[in-house]
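Accompanying notes for the structure given below.
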Amino acid sequence: MLKFMLSDLRFHFRLWLPAFVSAGLGAACAGGVIIAVSSGLHTAEPAPVNDALEGVRVLGGTVSLLTLTATSGVVGSTAGFILNSQAQNHARWLFIGFTPKQLKRMLRVEIACLVLFAAAAAIPLSYAAATVVLWQWAAIGIVSSGQLPVVEYWQPYAVLLLVVVAAVWGTWGPTRRASKLSAATALREARTHRPHIAWVRSIVAVMLFVGGAAILLAVSLLPLGGSDDRAAGALSGLLLLIVATLLVPLWTIRPLLWGWTALVFSQSAPWYLAREACRFAASRTLATVVPFAIASSLLAVLYGGGAISGGGTSLTEIGVLLGPTVVVAWGGGICIIALIGQSRGRERRLLIAAGASKKLLLQTACLEGIIYAITALLYGALFLSATIIFLSSVSDVTLSSALYELPWAAFLAISLATAGLVIGTALISFHQPVQNECDEKSRSTNTQGEYS
């Protein structure tokens with residue numbers, strides 16, 4: 001079994017490379033936050049006043065939780081897309097004698113080993129990330145100026161353990177489903193590209209949605225506490241709604257993409273190809289949009305909510321809170337787009353055989369990146385609108401003043417950066433070398449020979 005697993009990783013290394021990079025990026029950011037928390041507690045504990053100590057605990061715990069959650073989601077989306085693309089191979093393995101339990105165990109051990117190697121390679125980067133995090137915390141007065149990471153023996157082990165647990169938790173559902181696919185189901189899903197939502201995730205999403213909606217209704221209709229308490233409750237409810245809607249993107253982001261693209265009336269061939277590719281291949285579209293939607297929605301709620309509620313949240317402070325999470329989300333989105341570029345060689349060859357020019361394919365790739373970016377930004381804009389409406393109703397802020405207080409220049413810069421990142425990565429992935437079909441067939445034959 002171990003030889004089989006290592007052979008599968010070696011022969012599909014290029015396919016698993018984006019997952020390796022995204023896991024390493026998540027390990028570097030999450031590890032940097034964990035090391036920064038340890039260093040901050042080490043220096044703040046002897047202080048006579050516990051304000052700094054409490055600030056490090058609260059801020060560090062929040063940032064660590066957000067970063068590990070983003071890492072789990074990004075690695076889960078990447079690994080889920082890879083497992084979906086290998087569904088036919090998994091069905092063949094079940095056919096030749098693998099039991100579902102053996103296949104599920106092998107896939108989970110394979111992903112755990114991949115993430116373990118990625119996290120181990122990212123340990124030096126985590127200390128560099130911890131230096132940046134401590135510099136950010138020093139800028140807002142949480143730690144002393146010039147604070148450097150304090151190296152302790154347990155830190156690498158804690159980073160490895162937490163990142164591997166987060167990644168395995170994020171890939172638990174895709175590996176379970178991969179082990180239960182029959183050959184007919186695998187072939188049918190390879191044609192339809194329809195994503196799948198597990199019933200456990202659906203129940204959790206519904207519970208979180210009901211909880212977030214109840215919090216928003218309570219702070220809006222009932223006189224609970226002061227305006228600051230109600231504003232904090234509204235932001236908590238909106239964060240629960242973000243998690244709930246992103247757990248089931250098939251029910252939330254996919255209708256959003258279909259809706260706004262239907263409003264664009266264009267008969268051009270590149271737009272038609274890009275729109276239909278995003279609509280038809282829903283699994284890869286959602287895997288691409290979700291990481292950028294995480295970043296845009298969190299920035300909209302926390303950055304916009306802080307500006308409206310009068311907390312004076314600056315870009316530096318929001319970078320302290322959401323910086324590692326945004327880096328993990330954006331980096332994971334880039335890895336997924338690169339992964340999609342690897343898997344679309346056959347589509348490009350078919351379009352070229354049908355008479356499509358390279359210019360047409362390049363325009364189509366650019367428009368696909370635009371569709372991804374606009375969908376993610378529209379998702380964040382919806383939560384920004386909800387933030388404006390709820391905060392203006394629960395606090396002593398009018399709607400006009402709430403609109404005036406928003407950092408529109410920063411939002412515009414973040415939107416342009418997101419769009420440029422997505423479109424640029426889509427264009428770069430378009431120029432990736434594609435293996436010849438004969439090479440892929442011979443490689444598959446050699447793989448089967450070694451497995452046997």
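The values are calculated or read from the model by the stated rules, or taken from the named source; none is laboratory data. Treat the numbers as computed from the prediction; the structure is a model and nothing was measured. In this analysis, Cβ positions are derived from the backbone assuming ideal geometry, glycine residues included, and neighbour counts consider all displayed protein chains. With ligands, DNA and RNA removed, areas are computed over all heavy atoms of the protein, side chains included. Shrake-Rupley method; radii C 1.70, N 1.55, O 1.52, S 1.80 Å.
Over all directions, average the projected area of the Cα convex hull of segment 202-325 and note it in nm². Can you show the working numbers first?
Working: hull surface 39.4 nm².
It is 9.9 nm².
Fully extending the segment from Ser357 to Leu41, taken as 0.36 nm per residue of separation minus the present Cα-Cα distance, adds 107.8 nm.
Estimated at 0.36 nm per residue, the fully extended path between Ala138 and Val151 surpasses their Cα-Cα distance by 2.8 nm. Dimensions of segment 82-133 from C-alpha coordinates, computed as largest minus smallest value along each principal axis and given longest first, are 51, 19, 13 Å. Tell me, what % of the accessible area of segment 1-43 is carbon and sulfur with a 1.4 angstrom probe? Using a 1.4 Å probe with all protein chains present, segment 1-43 comes out at 78 percent carbon and sulfur.
Shown here: segment 265-312, whose C-alpha atoms stretch 48, 24, 10 Å along the first, second and third principal axes, sorted largest to smallest. Straight-line reach from Lys180: taking Cα to Cα under 22 Å and skipping same-chain neighbours fewer than 8 places apart, the lysines in range are Lys101, Lys104.
Taking all protein chains as they are arranged and a probe of 1.4 Å, the heavy atoms of Val151 leave approximately 110 Å² accessible to solvent. Along its principal axes, segment 253-341 has C-alpha extents of 47, 29, 19 angstrom, given from the largest down.
Please list, in order, the residues from segment 357-383 whose amide nitrogen is less than 12 Å from a point placed 7 Å along the Cα→Cβ vector of Val264. Residues 364-376 fall inside that zone.
Model label sites at Arg10 and Phe280, defined 7 Å from Cα along the beta-carbon direction, differ in position by 3.7 nm.
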